[in-house]
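To start, the structure under review is shown below, and the notes come after it.
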Amino acid sequence: MKALRAVFVREWRLASAGGGGPAGPAAFMLAALALVPLAIGPDPDILRAAAPGVIAFAALLASLQGAERMFGDDLSDGTLELYALSPVSLTALSAIKAAAYVSAVLWPAPVIGFVAAMAYGMDGPSAGALSLGLVLALPGLALVSGFAGALAAGVKRAGLLIALIAAPLQVPLLVFVAGVGRAALEGTGLAGANLMLAGAFSLAALALAPFGMAAALKGRLE
Amino acid sequence: MSMPAALQVSNLALSRGGRTLLRGLSIMLEAGEALVLTGPNGTGKTTLLRAIAGLVRPDEGDIIAPPLAYLGHGEALKPSETVIDAISFAARLHGHVWGDGKGDVRMDALNAMGLSKRVLHTCGQLSAGQKRRLAIARLTLQEEARLWLMDEPAAPLDAAGRALLADLVADFRKGGGMVIAATHTGLGWTDAQALELRP
């Protein structure tokens, strides 16, 4: 247990300071959300209707930003070998990495999502619901990004591979999070159901993805 | 389950990228013994060490190894981490506690490789030789390890660093430890066995 905590503390520190931290994905998401209105025009009704989907999409793309660094450096500098031979299993390491990625790198996404939703003209409760949807979706987004990052670790053009692997797997989260915002906006009463589905996807990813990541990492080490 | 006290490698076959590197290799190492692997580049020294560590699956043969510590090509150090953070993490990972009059295993490890004046430097500021020293110091924190696998342990080290490494290895062997090192440079270890791998 102590070893697991030590790994989390270290990975959290490295993720928040060593590799750029939350600034990169946050800047990416902000930039995307600031540019969209310029592209689709100033009509407030259209912007409000587009907000849930655009914000969920921006968060999804932001979650891919740091995926390449999650395991790439560890493979090339020998850290992964050290972990593989340590008392901590690669499965536990993978779950810890994803947790550190969420809490050190991706945490601004719900905040940015809330502010952007308000700016796009959504009402407070709907923006809050969308933001909560992002909170529930972040673990799933991070785990799927991490899985893609593990598969692509050490591969040339890892970024391309990560986008191609992760994006299709993240589609359900995109649909559920956007669904939360849209349902809240239109008052269809389905926001709660979409929230639960987003949370359920994250839980399912937590139960499966760490094993997939560990298997991928093991393969990369051979 | 009791851990084996010796290393037994029998009839090993290894390949890398579809090319066979070794065939029919057997190694027997008892407590306190050391083995130095030599041979040209690409003859499988690293792959052999990685196979013994369990990182690579052999094509054939059996490996029965005691608990081990592995010093690979990479130093596994992060440029933004300080020396003391790096060594503290390794100590925690292997269950060490310090303070409260117990002495400080971290400083003992750093002292053993002559790094005590570098504790607040970040790993990015260290020279290649100093990084190697830190990676070797980290190895000593794995107290349960009875076998050290070292891949080119001395390549970037200066004469003083090599002497410290030789002392460390001699101490470890005196306590019943076993060492296998792959090297192109003379290590100057006393009564170590030698194995030359040929292409």
Inset, instruction - Return the distance in nm (one decimal) between the two label points of a simple spin-label model at B:THR20 and A:SER76, each offset 7 Å from Cα along Cα→Cβ. - result: 3.5 nm
Legend entry - Cα-based equivalent ellipsoid of the stretch B:75-144: semi-axis lengths in Å, sorted from largest, via gyration tensor: 19, 12, 11
Legend entry - Peptide B:68-80, shielding by other chains (average Cβ, 10 Å cutoff): 5
Inset, instruction - Return the average number of partner chain Cβ atoms within 10 angstrom of each residue Cβ along peptide A:26-35. - result: 0
Inset, instruction - Measure of size requested: the Rg and Dmax of the stretch A:138-222, with Cα atoms as the atom set and Å as the unit; please supply both. - result: 15.2, 53
Inset, instruction - Please report, in cubic angstrom per residue, the volume enclosed by the convex hull of the alpha-carbon atoms of chain A. - result: 109 Å³
Inset, instruction - Count neighbours as other Cβ atoms within 10 Å of each site's Cβ, and list the chymotrypsin sites (Phe, Trp or Tyr not before Pro) in the stretch B:70-177 that are DSSP loop with at most 16 such neighbours. - result: B:TRP98
Legend entry - Efficiency of FRET between A:ALA167 and B:GLN125 - r from beta-carbon atoms, R0 30 angstrom, step 0.05: 0.15
Legend entry - Gaussian network model of chain B, springs between alpha carbon atoms under 10 Å - residue of B:ILE27, B:ILE87, B:ILE180 with greatest fluctuation: B:ILE27
Inset, instruction - Could you state the angle between the C-alpha long axis of helix A:108-119 and the longest principal axis of the C-alpha atoms of chain A, as a value from 0 to 90 degrees rounded to the nearest 10? - result: 10 degrees
Legend entry - Within straight-line cross-link reach of A:LYS218, lysines at Cα separation under 20 Å, skipping those fewer than 8 residues along the same chain: A:LYS97, A:LYS156
Inset, instruction - Obtain the nm distance between the two label points defined at A:ALA3 and B:ARG57 by a simple spin-label model: each point lies 7 Å from its Cα along the Cα-to-C-beta direction. - result: 2.3 nm
Legend entry - When the convex hull of its Cα atoms is projected in every direction, mean area for the protein assembly as shown (nm²): 23.4 nm²
Inset, instruction - Provide the gained length on full extension for the span A:ALA39 to A:LEU61, in nm with one decimal, where the gain is 0.36 nm per separating residue minus the Cα-Cα distance. - result: 6.1 nm
Legend entry - Spin-label model distance (nm) - B:ALA159 vs B:ALA194, 7 Å beyond Cα toward Cβ: 2.2 nm
Legend entry - Among A:SER63, A:SER94, A:SER76: highest mean-square fluctuation, GNM of chain A, C-alpha pairs under 10 Å: A:SER76
Inset, instruction - Measure of size requested: the Rg and Dmax of chain B, with Cα atoms as the atom set and Å as the unit; please supply both. - result: 17.0, 54
Legend entry - Label point 7 Å beyond Cα of A:ASP123 along Cβ direction - residues of the stretch A:164-178 with amide nitrogen under 20 Å: A:178
Inset, instruction - Give the peptides A:5-11, B:16-22 in descending order of average Cβ contacts within 10 Å, highest first. - result: A:5-11, B:16-22
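The numbers here are math on the coordinates, done by the rules we state, and not lab data. This one's a predicted model, so the numbers in the text were calculated from it and none came from an experiment. Every residue, glycine as well, gets a Cβ built from its backbone with ideal geometry; the counts of neighbours run over all protein chains shown.
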